[in-house]
Amino acid sequence: MKYEHLYVVMEHEGGKPVPVSLEMLGEARRLMDGYNKRYNANEKVVAVVLGNNVRKLCEELVYYGADAVIYADSPEFEYSRNVVDTKVVSAIAVDKNLVLKFSPQSTDFVKPHYMFFAADNIGRQLSSTVVGTLDSGLASDINKLVIDDLEIKHEHKTKGQPVMYERTLEMYRPDFSGFLWTTILCLDNRNPAIQRDYHPQACSIIPGVFAPIARDASRKGVIVDYTPTFDPGDLQVKILSRKIVKSAVDFDSKKAVVSFGRGIKDSPEANIRLVTELAKELNAEVGVSLPMSKKPFPVSESVSSTYMIPDRVVGTSGRKVIPLLYIAAGISGAMHHLAGMKESEFVIAINPDEEANIKDESDIFIKGRMEDVIPVLIEELRSVKPAMEVRK
Ligand SMILES: Cc1cc2nc3c(=O)[nH]c(=O)nc-3n(C[C@H](O)[C@H](O)[C@H](O)COP(=O)(O)OP(=O)(O)OC[C@H]3O[C@@H](n4cnc5c(N)ncnc54)[C@H](O)[C@@H]3O)c2cc1C
């Protein structure tokens, strides 16, 4: 077959896989196990790794579900750089000789059937440049995947005739603020007038939505070494120094997080003050929904620069938090936000809209406006605190 196997482009920090890499690998394993059974096929899950001294990582990736790992090892890959990474990942994706090392029957191989990237800062950019180079289409920020045979009738793609597209990857993404799902298909043009293939069917995957499979050190796989060649133009971007700035926002050691969202809109400055007072009473860190980091409402400079910042965003575009107590004030509960807080031990939501998604994630849903609810909570906390201190 011209298009075979599922390639998963890994990300790692100094040889340690970032969580989304193992999550993608786990989902790839589940999908391809089902696929191979259904179609009586033998297509592989192939992890692709660029890095410096990453041989050990390759073995780990086999334990986490890869049938094969293709890796390029060079000091040039110590840190990610889009131009050179794009060139090498794209070259790996079309290299038939590499494929023959783990799938000798793939003599007609042209490109991967499917390809996964992480929907994070590195993967979002790399996915677009690699898939552009491979001349196919990309679905970004995906949180559900299904492979199925679909009958499609399309004015251009099928010239209006029903055509069966076999083994098609249905890529689901949350849209319209995360409350509707769109299914994206990457389909070949079967209209004779504009015939053209689109492979790999590729997507970037939201961190935190799929579970990795359990590590199994008895799992066997093939590790294939790829030797890249570099042109001077590939290496024009040089990393002269790199500093990891530790965030001043401390979600990790605090036992509680109080987050606010667009629900502050009626009196933004006063409502943020209420949220921060509540956080102070609970010795909690303050989080925000993504729109807050775009500073959508006028507030004083000190409040804006302290609270409406990307560092405080909870969710797929920000941080994952797992506190004992999470309070969501004026947050609707879009899927992107939930992914960052749903593992919290106990969740309280404050929202006047009973239909808000966050209700389903909450242990306690307080129906009401934050302007009315938070002052009562603060008063109550202040009144019980002295009693708690006496009991100590
Ligand atoms: C690729 C992508 C990535 C994304 N990543 C993230 C992410 O990491 N994190 C994130 O949060 N979002 C993310 N989003 C955005 C996400 O889809 C939602 O748009 C966003 O979370 C909604 O923010 P919100 O809940 O503050 O606002 P809204 O959805 O507008 O909800 C506001 C809520 O406030 C309530 N409300 C109104 N008045 C009051 C009041 N007086 N008191 C209390 N409640 C009130 C309303 O009933 C409503 O439920 C992402 C979107 C995309 C497309």
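The values are calculated or read from the model by the stated rules, or taken from the named source; none is laboratory data. It should be emphasised that the depicted structure is a prediction, and the values quoted were computed from it without experimental measurement. Note that each Cβ is placed from the backbone with ideal geometry, even for glycine, and that neighbours are counted across all protein chains shown. The area values use the complete protein model at the heavy-atom level, side chains included, leaving out ligands, DNA and RNA. Shrake-Rupley method; radii C 1.70, N 1.55, O 1.52, S 1.80 Å.
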### Task
Only residues in the range 166-184 that are modelled with pLDDT of 75 or more count as the first member; pair them with residues that are within 11 Å of the ligand (Cβ to nearest atom) and open to solvent by 70 Å² or more (accessible area, probe 1.4 Å), Cβ under 8 angstrom, at least 6 apart or cross-chain, and list the lot.
Pro174/Leu180
### Query
Hey, among Lys2, Lys37, which residue is in contact with a His (Cβ under 9 Å, 6 or more places away or on another chain), surrounded by fewer than 19 Cβ atoms within 10 Å (Cβ to Cβ) and at pLDDT 95 or above?
Lys2
### Query
Inside the range 160-186, can you point out the residues that are open to solvent by 30 Å² or more (accessible area, probe 1.4 Å), within 14 Å of the ligand (Cβ to nearest atom) and closer than 24 Å to Arg29 by Cα?
Tyr172, Arg173, Trp181, Thr182, Ile184
### Task
Please enumerate the residues belonging to the range 213-237 that are surrounded by 11 or more Cβ atoms within 10 Å (Cβ to Cβ) and in contact with a strand residue (DSSP E or B) (Cβ under 9 Å, 6 or more places away or on another chain).
Gly221, Val222, Ile223, Val224, Asp225, Tyr226, Pro228
### Task
Considering only the range 223-263, state which residues are under 24 Å from the mean Cα position of the chain (by Cα), within 16 Å of the ligand (Cβ to nearest atom) and of a type outside the set (A, V, I, L, M).
Ser247, Phe251, Ser259, Phe260, Gly261, Arg262
### Task
Given the conditions (1) in contact with a Ser or Thr (Cβ under 9 Å, 6 or more places away or on another chain); (2) over 29 Å from Asp108 (Cα atoms); (3) surrounded by 16 or more Cβ atoms within 10 Å (Cβ to Cβ), report the number of the one that Asn52 does not fulfil.
(3)
### Message
Show the residue pairs meeting these rules: Cβ distance below 8 Å; 6+ apart or different chains; first residue within the range 185-196 and at positive phi; second residue small (Gly, Ala, Ser) and surrounded by fewer than 17 Cβ atoms within 10 Å (Cβ to Cβ).
### Response
none
### Query
Are any residues in the range 322-337 modelled with pLDDT of 95 or more and aliphatic (A, V, I, L, M), and if so, which ones?
Leu324, Leu325, Ile327, Ala328, Ala329, Ile331
### Query
For the range 127-159, what are the residues that are under 17 Å from the mean Cα position of the chain (by Cα), open to solvent by 50 Å² or more (accessible area, probe 1.4 Å) and in contact (Cβ under 8 Å) with a residue 24 or more places away in the chain?
Leu138, Lys144
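On the given criteria, is Thr316 farther than 23 Å from Leu381 by Cα and either surrounded by fewer than 19 Cβ atoms within 10 Å (Cβ to Cβ) or in contact with a Cys (Cβ under 8 Å, 6 or more places away or on another chain) (or both)? So that I can check it myself, show each step before the final result.
Working: farther than 23 Å from Leu381 by Cα: yes; either surrounded by fewer than 19 Cβ atoms within 10 Å (Cβ to Cβ) or in contact with a Cys (Cβ under 8 Å, 6 or more places away or on another chain) (or both): no.
No; evaluated as a whole, the condition is false for this residue.
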### Query
Is the range 194-217 home to any residue that is in the same structural domain as Ile122 (by TED's automatic domain parsing), away from the ligand (no atom under 16 Å from the Cβ) and part of a helix (DSSP H, G or I)?
yes
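If you go through the range 264-275 one residue at a time, do you hit one that is away from the ligand (no atom under 15 Å from the Cβ) and over 15 Å from Ile348 (Cα atoms)? Walk me through it before giving the result.
As a first pass, look at the range 264-275 and keep what is away from the ligand (no atom under 15 Å from the Cβ): none.
For the range 264-275, residues away from the ligand (no atom under 15 Å from the Cβ) and over 15 Å from Ile348 (Cα atoms): absent.
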### Task
Give just the number: which of (1) within 21 Å of Lys255 (Cα to Cα); (2) within 13 Å of the ligand (Cβ to nearest atom); (3) small (Gly, Ala, Ser) does Ser344 not satisfy?
(2)
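Residue under question is Met10, and the condition is that it be open to solvent by 10 Å² or more (accessible area, probe 1.4 Å), hydrophobic (A, V, I, L, M, F, W, C) and more than 16 Å from Pro212 (Cα to Cα); does it hold? Step through it out loud before you land on a result.
On the way: open to solvent by 10 Å² or more (accessible area, probe 1.4 Å): yes; hydrophobic (A, V, I, L, M, F, W, C): yes; more than 16 Å from Pro212 (Cα to Cα): no.
Considered against the rule, which asks whether it is open to solvent by 10 Å² or more (accessible area, probe 1.4 Å), hydrophobic (A, V, I, L, M, F, W, C) and more than 16 Å from Pro212 (Cα to Cα), Met10 comes out as no.
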### Query
When you scan the range 65-142 for strands (runs of 3 or more DSSP E) that lie fully inside it, which ones turn up with 3 or more residues that are touching a helix residue (DSSP H, G or I) at 6+ places or on another chain (Cβ under 7 Å) and modelled with pLDDT of 95 or more?
68-73, 111-118
